[in-house]
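Step one of this worksheet: look at the structure below.
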Number of protein chains: 2
Amino acid sequence: MRRISYKLAVVLTVTSLALLSGCNKDVDAAKAPGDASSSSTVGNTSPDVQAVMQERGLTPDDLLAAAKTYTPSGKLDDHIMFASGGHSGQIFVIGLPSMRMLRSIAVFTPEPWQGWGYGAGNDILKEGDVNGKPLTWGDTHHPNLSETDGAYDGQFLFVNDKANARVAVVDLRDFETKQIIKNPITMSDHGGAFVTPNTDYVIEGGQYATPLGWKYAPIEEYKEKYRGMVTAWKFDREKGRLDQAQSFALELPPYWQDLASSGKKVSDGWIFMNSINTEMATGGVEDKKPPFEAGVSQRDMDYLHVINFKKAAELFKAGKFEKVNNFPVIRLQTLIDEGVLCFIPEPKSPHGVDVTPGGEYMIVSGKLDPHVTVFSFEKTLKAITEKKYTSKDPYGVPVLDFDACKEAQVELGLGPLHTQFDDKGYAYTSLFLEPAVCRWSLGGAYASKHPEAPWTVVGKTSVQYNIGHLSVPGGDTTEPSGKYLVAMNKWSIDRFFQTGPLLPQNFQLIDINNTGEKMPVLYDLPIGVGEPHYAQIIKADKLKPWKTYPQVGWNPEKQAIDPESPKPGTERIERRNGEVHIYMTAVRSHFTPEHINVTQGEKVVWHIVNLERAIDATHGFCVPAYNINLSLEAGEYEKFEFVADLPGTFPFYCTEFCSALHLEMMGYLHIKPTDATAAAK
Amino acid sequence: MRRISYKLAVVLTVTSLALLSGCNKDVDAAKAPGDASSSSTVGNTSPDVQAVMQERGLTPDDLLAAAKTYTPSGKLDDHIMFASGGHSGQIFVIGLPSMRMLRSIAVFTPEPWQGWGYGAGNDILKEGDVNGKPLTWGDTHHPNLSETDGAYDGQFLFVNDKANARVAVVDLRDFETKQIIKNPITMSDHGGAFVTPNTDYVIEGGQYATPLGWKYAPIEEYKEKYRGMVTAWKFDREKGRLDQAQSFALELPPYWQDLASSGKKVSDGWIFMNSINTEMATGGVEDKKPPFEAGVSQRDMDYLHVINFKKAAELFKAGKFEKVNNFPVIRLQTLIDEGVLCFIPEPKSPHGVDVTPGGEYMIVSGKLDPHVTVFSFEKTLKAITEKKYTSKDPYGVPVLDFDACKEAQVELGLGPLHTQFDDKGYAYTSLFLEPAVCRWSLGGAYASKHPEAPWTVVGKTSVQYNIGHLSVPGGDTTEPSGKYLVAMNKWSIDRFFQTGPLLPQNFQLIDINNTGEKMPVLYDLPIGVGEPHYAQIIKADKLKPWKTYPQVGWNPEKQAIDPESPKPGTERIERRNGEVHIYMTAVRSHFTPEHINVTQGEKVVWHIVNLERAIDATHGFCVPAYNINLSLEAGEYEKFEFVADLPGTFPFYCTEFCSALHLEMMGYLHIKPTDATAAAK
């Protein structure tokens, strides 16, 4: 290989940014994108490309990154990332390596382009109400793909709403939300949704403790009345729904349970869950008490919850629970008595707990500690068996001996948060404060996969800026691969054109298709539609999406033909039981019927089906003033209702540009006023 | 230059797709992206890049396109595109040439990531209600940037809601919506929002005729009672608001007015507006009448509305109007009597009317006619002066002689829709049915700018697929540039990984930084969050966005310091006039106060301000169960209210990952039940 003969004046400086600590040590600036001194060579690139590179200030490394990510028209991405949308309430689908957002999936927040909550999905959204109070958003945190034998199977996707403690189910045949379920005992979750290795259960861990059922209790009664929890939602794969009747929760001390992970392979049947605020701090900065930010960091160690989930499920089946808000809860004392729950001390305020592909190790990162701590499941099990407890927590939960469970501690850097794995025996941990991604080597059975000594730092790549989670394809499963890594950076600051005071997040694609210290940043993707937290990446060929709905008359909520769907030739308006039923079909480029005449005050039930069979032949359908808009994909049937309380003349139309004659695809809804003087003169 | 020495087996076939016509003639397949036979050479690219190209099946043209679009971390896009979001109700901000969506701007649809409608902006959204019926979406069609002397000035952005006939105003200092105004006389718009050359007025043209004020009238009374309209909203640049008191509408015949454009330079003071359905077809496919799609295409010609807007504004000032729904409407007969309105016949069912940069020509495309028709403003003015009328329409509007106004007709191809201009004397028209973008040469004063004969086709580029609008930077202004063109394609079909039956649209970036026939496609951007219709592209340096709000305590709705904003040290809970006022501050990483105690049934008024001064230091703030979520950018103050009707314990928290201690940035809202038995035991 020739060395670089082509030099550019532009060398991007790695902007050091450590907002809280001012620390930026250990980050090798030479690994930043755009650094002309790195190794790839474009010594004799074609004149056309050279001219563009010069004009645009691109380095040889930039061109290489472009070649690795640019995806020409019609070529498909080979990996698909599902990212939570944070407080947008949605999920984003992003293709790799092009880093293009392919679509959003409406989940907790109504979204009219998809018709979600505007005539479609209304019943599903309503399931998520809190005591009859409508909720029209969520704070999605952790999407989780369904698994078979601990590997993504591409069938379903689950996600939690931290703000209101709900879980949603998305069917990956049509990429639409099928269920939203409100947790009956808590108002706050975080450690979810995580599946067990065969998706028998979807796990929802808590966050901010409240009295169970979020009942009122003054903060002074925190220790007595507030509680944490973890809920196990039974998943019925056949029906594609969580089955509340077979689900249950575990009562936990009022710590703030945080991220959770299922065991796998050797640790299958166990659940590991972090916690913070084992201090049980209750804040009160207004009364000169330590604010939560200080109060929850007083102790050196918090507790990794080790849950014998198999045993917990048996206790549930044996009826050893009480009901809270009519939901089965296995009481904390029962968990202690039956040996379901114990703790391992962990460096304080950890964020992630991540289990290695074979299930051998649980890795935690106290975010104020520069190390990751690696616990051995085998050692932990031995410690449990041998009752190597050092103490009990204030609620009587036995605490295991830290050293008896520990396999290793590796000093990575400042602010370690989350860890993912690849197929080469490496682990990758996000370092929020540096900010950087750190590659380090696993030991044990993984040591033979890489040349480095076990449990050592291999390399670091600076990221821009303030990384939270990171994601590797299959990086939390039994079958990780190691081609890409996506750094999910919370702040973008100067990375993109300033779109006012509100800036996008920055997803950085990092090349980990190698060994050793170098992991170049390939691409920066602004996320300006939400604030993603976690993402999972799956090989595209594991997904089997429908191209159209299987048959005309398909009801996506039922995932079946709907007998109520109008058939071509049977379009009509029918009055029965005090309701006006409209049976309408849509096809390029007209609705049938085109005139709907009703009287003010009538209840209208509108049935509409898209008769198309071509891919991408979507029709929209809106009713002005009545806040109705649908997205009817090929074959889709929807039904919506409203009371025609506002009289007048309302032109309905297809809101998708479906054909050259799309403007003509319309009709009139005439609502005759009961007061004749209200009509047009 | 050396010819290609590097050959790839992969040659992408241009997929011919003409869903309605089956026609695909005249499109040169050789210009498609990924065709290895085209001219750029990468004969001796570096081994690293060559290896990646081979592995990924990239052609030399692909690499060139990658070099032209790839934007390394921290390099900023040089152009910014504002695209309507269609029935998503939003606006999307996209950077060029990287084709990355930088953020969405919430407009008509509540969006919790931005807090829009979840505690912020609620009053603005409420302004858009229809007769008290809440609307939580819109069908945004045509974003329009404010102009000074006919060129974008980067200050404001306007957009219409076709479904409910509303117009919104976005301030480009903070990229947030400041006003939503409901048109008082119509339920449907399309030809808007278009500004006059100095943004004195924002024009909103109609679409589907209804009785004025959308009152009830049976379809049989269509000709007598239904009417079209165009509304002129006076814009107060100082206040950044549309001023309803100085605004007015013109009554038009019940055709379906379509796109509109202001005159500029020589034609300043005039408005041109297309129409379809001059047949006044009323559909009725259910009664074996021709459906709208057939009925509105019976006549060969529709009418280009030529409006002497300067004169109309004078009539309004002179009080020559009547009030409909309390809004001034200049009656059709007055428009005729005063010579404000006349028609030019235009080939039927046109979509766009686009005025050349100097204002000399109005270009229309009957979408069922393969030509674009070029009208001369000078000739039109002469025809009006000389009263060259050939007939009157059924309402008495004079119809000008087509030939007297016509400058040229140019045969472009199938399904011409919209036209934009560059700085080299070319026009670009979207051809929906081919589908393609056609470059053609202007005549008159533009002829000297290009080597081709005037009014001839220069080149075509196939697009994938079904193009609607297209956009060139400044392409509809007095100062177009010609670096890029974005084809806004409605169907993507096979371009991206299939995300279920609902597919994204496809924005294709096309290189027009050249002359002659070749215009290569550089990039495909999936739009999976809405269905954009039109977009405008502005040079990035024309925008002057704020990096943070100017001062702490800033109220974005007022764009001023809010005296109600809490100041640090004055945080408190205050009961007055039967309301609980909470004065709260937010700063990394705590809220003050952290405990809020209220009693069930109390009305809560919550004041909260973000004290931060750093760029990107946004805090979120949510109240569970009460459907509240804010995005508080640095300095921002917001106020929201609710009745504490549901008792319990509700953990509020910062929904933005703002710092390493973001999980600790929380507090408790305690709502004490009036029924003591409802408290936790």
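Taking the range A:412-445, which residues are within 14 Å of A:G482 (Cα to Cα) and of a type in the set (G, A, S)?
Listed by number, the residues that qualify are A:G425, A:A427, A:S441.
In the set A:V230, A:V202, A:V170, which member is in a strand (DSSP E or B), at pLDDT 95 or above, within 27 Å of B:L630 (Cβ to Cβ) and more than 8 Å from chain B (Cβ to nearest Cβ)?
Answer to the selection: A:V170.
Here's the yes/no breakdown for (1) modelled with pLDDT of 95 or more; (2) surrounded by fewer than 21 Cβ atoms within 10 Å (Cβ to Cβ):
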| site | (1), (2) |
| --- | --- |
| A:V580 | yes, yes |
| A:T585 | yes, no |
| A:G620 | yes, no |
| A:L632 | yes, no |
| A:E638 | yes, no |
| A:D645 | yes, yes |
| A:A660 | no, no |
| A:L669 | yes, no |
| A:A679 | no, yes |
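Could you please find all residues in the range B:70-88 being in a strand (DSSP E or B), hydrophobic (A, V, I, L, M, F, W, C) and within 7 Å of chain A (Cβ to nearest Cβ)?
Across the range B:70-88, the qualifying residue is only B:I80.
For the range A:205-227: of the residues being more than 8 Å from chain B (Cβ to nearest Cβ) and part of a strand (DSSP E or B), which is farthest from the chain's Cα centre (by Cα)?
A:R227
Can you name the residue in the range A:178-193 that is within 11 Å of chain B (Cβ to nearest Cβ) and over 14 Å from the mean Cα position of the chain (by Cα) and, of all such residues, is surrounded by the most Cβ atoms within 10 Å (Cβ to Cβ)?
My answer is A:T186.
Applying the selection to the range A:329-350, what residues are surrounded by fewer than 20 Cβ atoms within 10 Å (Cβ to Cβ) and of a type outside the set (D, E, K, R)?
Within the range A:329-350, A:Q333, A:T334, A:I336, A:G339 qualify.
Looking at this structure, is A:D139 within 10 Å of chain B (Cβ to nearest Cβ), crowded, with 24+ Cβ neighbours inside 10 Å, of a type in the set (D, E) and within 17 Å of the chain's Cα centre (by Cα)?
yes
Scanning for something within 30 Å of B:V107 (Cβ to Cβ) and among the hydrophobic types (A, V, I, L, M, F, W, C), does the range A:192-204 turn up at least one residue?
No, the range A:192-204 contains no residue that is within 30 Å of B:V107 (Cβ to Cβ) and among the hydrophobic types (A, V, I, L, M, F, W, C).
A:G283 passes all but one of (1) touching a His at 6+ places or on another chain (Cβ under 8 Å); (2) not in a loop (DSSP other than H, G, I, E, B); which number fails?
In the conditions (1) touching a His at 6+ places or on another chain (Cβ under 8 Å); (2) not in a loop (DSSP other than H, G, I, E, B), A:G283 misses (2) alone.
Considering each residue of the range B:89-101, count those that are facing chain A (nearest Cβ under 7 Å), buried (at least 24 other Cβ atoms within 10 Å of the Cβ) and within 15 Å of A:I527 (Cα to Cα), and give that number.
3
Just the residues that are within 7 Å of chain A (Cβ to nearest Cβ), within 32 Å of the chain's Cα centre (by Cα) and under 16 Å from B:Y653 (Cα atoms), please, taken from the range B:573-625.
Passing the criteria: B:T618, B:G620, B:C622.
Inside the range B:377-406, can you point out the residues that are touching a Lys or Arg at 6+ places or on another chain (Cβ under 8 Å) and crowded, with 21+ Cβ neighbours inside 10 Å?
B:L400, B:C405
Determine whether B:G359 is on the phi > 0 side of the Ramachandran plot and either surrounded by 23 or more Cβ atoms within 10 Å (Cβ to Cβ) or within 26 Å of the chain's Cα centre (by Cα) (or both).
yes
Tell me the residue from B:Q498, B:Q536, B:Q508 that is more than 8 Å from every other protein chain (Cβ to nearest Cβ) and modelled with pLDDT of 95 or more, please.
The unique qualifying residue is B:Q536.
Answer yes or no as to whether A:T69 is over 30 Å from A:G240 (Cα atoms) and in contact with a Leu (Cβ under 6 Å, 6 or more places away or on another chain).
Considered against the rule, which asks whether it is over 30 Å from A:G240 (Cα atoms) and in contact with a Leu (Cβ under 6 Å, 6 or more places away or on another chain), A:T69 comes out as yes.
Which residues, counting only those in the range B:286-301, are part of a loop (DSSP other than H, G, I, E, B), of a type outside the set (S, T, N, Q) and under 30 Å from B:T356 (Cα atoms)?
The answer is B:V296, B:R299, B:D300.
Looking at the range B:558-579, I want the residues that are more than 23 Å from B:D174 (Cβ to Cβ) and have a partner that is part of a loop (DSSP other than H, G, I, E, B) with Cβ atoms under 6 Å, at least 6 apart or on another chain. Which pairs are those?
B:E571/B:P593
If only one of A:F175, A:F248 is in contact with a strand residue (DSSP E or B) (Cβ under 8 Å, 6 or more places away or on another chain) and either surrounded by fewer than 24 Cβ atoms within 10 Å (Cβ to Cβ) or more than 12 Å from chain B (Cβ to nearest Cβ) (or both), which one is it?
A:F248
Between a residue in the range A:104-133 that is within 11 Å of chain B (Cβ to nearest Cβ) and touching a residue at least 12 places away in the same chain (Cβ under 8 Å) and any residue that is of a type in the set (A, V, I, L, M) and in a helix (DSSP H, G or I), which pairs come within a Cβ distance under 7 Å, given they are 6 or more apart or on different chains?
From residues that are within 11 Å of chain B (Cβ to nearest Cβ) and touching a residue at least 12 places away in the same chain (Cβ under 8 Å), the pairs are A:P110/A:L125; A:G117/A:L125.
Suppose the filter is among the aliphatic types (A, V, I, L, M), under 40 Å from the mean Cα position of the chain (by Cα), over 30 Å from B:F194 (Cβ atoms) and surrounded by 17 or more Cβ atoms within 10 Å (Cβ to Cβ); does B:V552 pass it?
In short, yes.
Is it true that B:V159 is under 24 Å from B:K323 (Cβ atoms) and either more than 13 Å from chain A (Cβ to nearest Cβ) or in contact with a Phe, Trp or Tyr (Cβ under 9 Å, 6 or more places away or on another chain) (or both)?
no
Looking at B:A427, is it crowded, with 24+ Cβ neighbours inside 10 Å and small (G, A, S)?
It is true that B:A427 is crowded, with 24+ Cβ neighbours inside 10 Å and small (G, A, S).
Report yes if B:Q257 is crowded, with 22+ Cβ neighbours inside 10 Å and either touching a residue at least 12 places away in the same chain (Cβ under 8 Å) or more than 27 Å from B:T109 (Cβ to Cβ) (or both), otherwise no.
Spelling it out, B:Q257 is indeed crowded, with 22+ Cβ neighbours inside 10 Å and either touching a residue at least 12 places away in the same chain (Cβ under 8 Å) or more than 27 Å from B:T109 (Cβ to Cβ) (or both).
When the residues of the range A:296-314 are filtered to those that are surrounded by fewer than 20 Cβ atoms within 10 Å (Cβ to Cβ) and over 26 Å from the mean Cα position of the chain (by Cα), which remaining residue is farthest from A:V399 (Cα to Cα)?
Here the answer is A:E314.
Return a yes/no flag: does the range B:239-249 have any residue that is modelled with pLDDT of 95 or more and part of a loop (DSSP other than H, G, I, E, B).
Taking every residue of the range B:239-249 in turn, at least one turns out to be modelled with pLDDT of 95 or more and part of a loop (DSSP other than H, G, I, E, B).
Just one of the numbered conditions (1) over 20 Å from the mean Cα position of the chain (by Cα); (2) at the interface with chain A (Cβ under 10 Å from one of its Cβ atoms); (3) without any contact (Cβ under 8 Å) to a residue 60 or more places away in the chain is not true of B:N513; which one?
B:N513 satisfies every listed condition except (2).
Against the condition more than 14 Å from every other protein chain (Cβ to nearest Cβ), buried (at least 18 other Cβ atoms within 10 Å of the Cβ) and at pLDDT 95 or above, how does B:F292 come out, does it pass?
No: the conditions fail for B:F292.
Looking at (1) within 30 Å of B:T548 (Cα to Cα); (2) in contact with a Pro (Cβ under 7 Å, 6 or more places away or on another chain); (3) buried (at least 24 other Cβ atoms within 10 Å of the Cβ), which one does A:I537 not meet, given that it meets all the others?
The failed condition is (1).
The values are calculated or read from the model by the stated rules, or taken from the named source; none is laboratory data. Since the model is a prediction, treat every value here as computed from it, not as a measurement. Neighbour counts run over all protein chains shown; Cβ positions are idealised from the backbone, glycine included.
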